[in-house]
Amino acid sequence: MLVSITIEDRNGQRQQIEVPDDMNLSLMEAMKAYEYNILATCGGMALCATCHVQVLEGKDQLSALSDAELDMLDTLPDAAANSRLACQLRIDKSLENAVFRICGQEHE
Amino acid sequence: MHTTDICVIGAGPVGLFSVFEAGLLKMRCHLIDVLPQAGGQLSEIYPQKPIYDIPGYPEVKAQELIDNLMKQAAPFNPGFTLGERVEKITGDTAEGFTVVTNEGTAVSCKVIVIAGGLGCFEPRKPVIERLADFEGKGVSYIVKDPELFRDKEIILAGGGDSALDWTILLSGIAAKVTLVHRGETFRGAPDSAEKVFQLATNGRINLVLKSNISRIEGNGHLKEVHITDEKNEVNIISADYLVPLFGLSPKLGPIADWGLQIEKSAITVQTTDYSTNIPGIYAIGDINTYPGKLKLILCGFHEAAMMAQSAFRYVYPDQRLSFKYTTVNGIHSF
Ligand SMILES: Cc1cc2nc3c(=O)[nH]c(=O)nc-3n(C[C@H](O)[C@H](O)[C@H](O)COP(=O)(O)OP(=O)(O)OC[C@H]3O[C@@H](n4cnc5c(N)ncnc54)[C@H](O)[C@@H]3O)c2cc1C
Ligand code: FES
């Protein structure tokens, strides 16, 4: 099945993306596949926080945060109550129609 | 001025191994890294994680691999300049190069090896108006010398381990320590979090939770910090120093300005010897790119070996380089 997710980039531009839910992808991997500018240094291990997103819509449907994710978010200057690490969100039905904003610095 | 054969920019695993490969060919190295310790991503991001794809090690902890690379390089006596960022490289093939850091340290060398990985690890900065104006004038992102804060009023910000650790340490040194954290719990080492809450209960530190720094003021030097809580109420606290501690994030940084061919934040190289478009400058490890590039430690090690052979021929064009195994020849330190 395809899950439909909206991504808002750093310029406020929104785009809806369709991602299959049977490939065990994370939101970070899906965003990379769509060539969004995110660093994701640690490759999805919740170790770098360079895949920081804010959930603008659909926060309550998402899976709970793990301790590792909370730890990492704590190190960010701009983390908010709706912050998540994109690499810790699996693409499944819980993400359907959610809206995410990409945070953090752009990299060259 | 330091003088050496090869100046290695970046003391990650690949930079460290290039000391060994160069050493076998009797070339000396000086390494520079912006981090206060050697080890690159391994020591900074994942020191305790096991790595499984280093030949000969079914499993090795990242920090252990770095410790071993340091041991392996030690017989060749490399020089180190740590905690400084390389800003500038000048010179050319004929006269040799000079590498200069942000603190003015200069290294004169015949060859430059850029092993800069993902770039410089730089502090993550909170978005506060005029923050940059106060850098070095009350605002800093690392605690280099705790004595600087003796009997001063200091505000720390952040919720990770370093914010907790420095709060504890500085509580015994500074006149007043305030820790500002956006959350209400700390998930750093439970032991440290416990200590911080204890210090706050005993009135030894000022703990401001569920709040953010919203503004800073001063006249030439930092004077006060405005802290906004979740109800949008502002609390103004006087301060001599503000230290935001939000970890580090890599940025390509000055490397982009050195006239090297760059493609998507990586330096393009020849795969025969990992040389760049500037003769005498090589790029190895995560910082380079070529068709088929894999960002793996193993691949960086291979590139270091190829680079060293080429660098030798480049520095000593008249000397014959005969390839020898270390098993036959041993290691001749210097
Ligand atoms: C979480 C995680 C897990 C990983 N797991 C593996 C694994 O299992 N196996 C594997 O092979 N690889 C793994 N990697 C990748 C591996 O860490 C990198 O390939 C490796 O670190 C590259 O080494 P390097 O020496 O090229 O660069 P780095 O380790 O990035 O070191 C570069 C150094 O250069 C310094 N630097 C850059 N610019 C400057 C400048 N201008 N002045 C001064 N210093 C500068 C930086 O501060 C840094 O210390 C992993 C990476 C991460 C993040
Ligand atoms: S990719 Fe590093 S924390 Fe998500």
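The values are calculated or read from the model by the stated rules, or taken from the named source; none is laboratory data. Only a predicted model underlies this, so the values are computations on that prediction, with no experimental measurement involved. Positions of Cβ are backbone-derived with ideal geometry, glycine not excepted, and every protein chain shown enters the neighbour counts. When the accessible area is computed, the model is the full protein with side chains, heavy atoms only, and any ligands, DNA or RNA have been set aside. Shrake-Rupley method; radii C 1.70, N 1.55, O 1.52, S 1.80 Å.
Of all residues in the stretch B:314-330, none satisfies being assigned to a loop (DSSP other than H, G, I, E, B), of a type in the set (Gly, Ala, Ser) and under 29 Å from the mean Cα position of the chain (by Cα).
Take the conditions of a type in the set (Lys, Arg), surrounded by 19 or more Cβ atoms within 10 Å (Cβ to Cβ) and more than 16 Å from ligand 2 (Cβ to nearest atom) and apply them to B:Lys71. Does it pass? When the stated conditions are applied, B:Lys71 does not pass them. For the stretch B:19-47, filtering for residues that are within 16 Å of ligand 2 (Cβ to nearest atom) and more than 24 Å from B:Thr101 (Cα to Cα) leaves 2. Looking only at the stretch A:78-90, residues that are over 22 Å from B:Lys49 (Cα atoms) and open to solvent by less than 30 Å² (accessible area, probe 1.4 Å) come to 3 in all. Every listed requirement among (1) within 14 Å of ligand 1 (Cβ to nearest atom); (2) at negative phi is met by A:Asn82 save one, (1). With respect to being open to solvent by 20 Å² or more (accessible area, probe 1.4 Å) and either modelled with pLDDT of 95 or more or of a type in the set (A, V, I, L, M) (or both), B:Glu95 falls outside the description. Taken over the stretch B:92-111, the criterion of being of a type in the set (A, V, I, L, M) and over 15 Å from B:Asp257 (Cα atoms) is satisfied by B:Ala94, B:Ala106, B:Val107, B:Val111.
Check B:Gln37, B:Gln63 and return the single one that is in a helix (DSSP H, G or I), of a type outside the set (D, E, K, R) and closer than 27 Å to A:Ala40 by Cβ.
Working: B:Gln37 fails: in a helix (DSSP H, G or I).
Going through B:Gln37, B:Gln63 in turn, the sole match is B:Gln63.
Looking at A:Ile17, A:Ile7, which one is open to solvent by less than 80 Å² (accessible area, probe 1.4 Å), touching a Phe, Trp or Tyr at 6+ places or on another chain (Cβ under 6 Å), away from ligand 2 (no atom under 14 Å from the Cβ) and touching a residue at least 60 places away in the same chain (Cβ under 8 Å)?
Working: A:Ile17 fails: touching a residue at least 60 places away in the same chain (Cβ under 8 Å).
Only one candidate passes the filter, namely A:Ile7.
Between B:Ile89, B:Ile6, which is more than 14 Å from every other protein chain (Cβ to nearest Cβ), of a type in the set (Val, Ile, Thr) and within 14 Å of ligand 1 (Cβ to nearest atom)? So that I can check it myself, show each step before the final result.
Details: B:Ile6 fails: within 14 Å of ligand 1 (Cβ to nearest atom).
Answer to the check: B:Ile89.
Selection over the stretch B:132-163 of residues that are within 13 Å of chain A (Cβ to nearest Cβ) and at pLDDT below 95 gives a count of 7. The strands (runs of 3 or more DSSP E) found wholly in the stretch B:241-313 and carrying at least 1 residues that are open to solvent by less than 30 Å² (accessible area, probe 1.4 Å), away from ligand 2 (no atom under 16 Å from the Cβ) and within 24 Å of B:Leu42 (Cα to Cα) occupy B:241-244, B:266-268, B:281-283.
When the stretch B:51-64 is limited to residues that are touching a residue at least 12 places away in the same chain (Cβ under 8 Å) and surrounded by fewer than 16 Cβ atoms within 10 Å (Cβ to Cβ), the one that is nearest to B:Leu248 (Cα to Cα) turns out to be B:Asp53. When restricted to residues that are within 14 Å of chain B (Cβ to nearest Cβ) and either in contact with a helix residue (DSSP H, G or I) (Cβ under 6 Å, 6 or more places away or on another chain) or assigned to a helix (DSSP H, G or I) (or both), the stretch A:71-103 contains 9.
Checked against (1) closer than 29 Å to B:Leu42 by Cα; (2) aromatic (Phe, Trp, Tyr); (3) more than 14 Å from chain A (Cβ to nearest Cβ), B:Phe197 meets all criteria but (1).
Of all residues in the stretch A:91-108, those satisfying the criterion of being within 15 Å of ligand 2 (Cβ to nearest atom) and open to solvent by 30 Å² or more (accessible area, probe 1.4 Å) are A:Gly104, A:Gln105, A:His107.
Could you list, in sequence order, the residues of the stretch A:44-67 that are open to solvent by 50 Å² or more (accessible area, probe 1.4 Å) and either within 15 Å of ligand 1 (Cβ to nearest atom) or of a type outside the set (Ser, Thr, Tyr) (or both)? Within the stretch A:44-67, A:Met45, A:Leu56, A:Glu57, A:Lys59, A:Asp60, A:Gln61, A:Ala64, A:Leu65, A:Asp67 meet the criteria.
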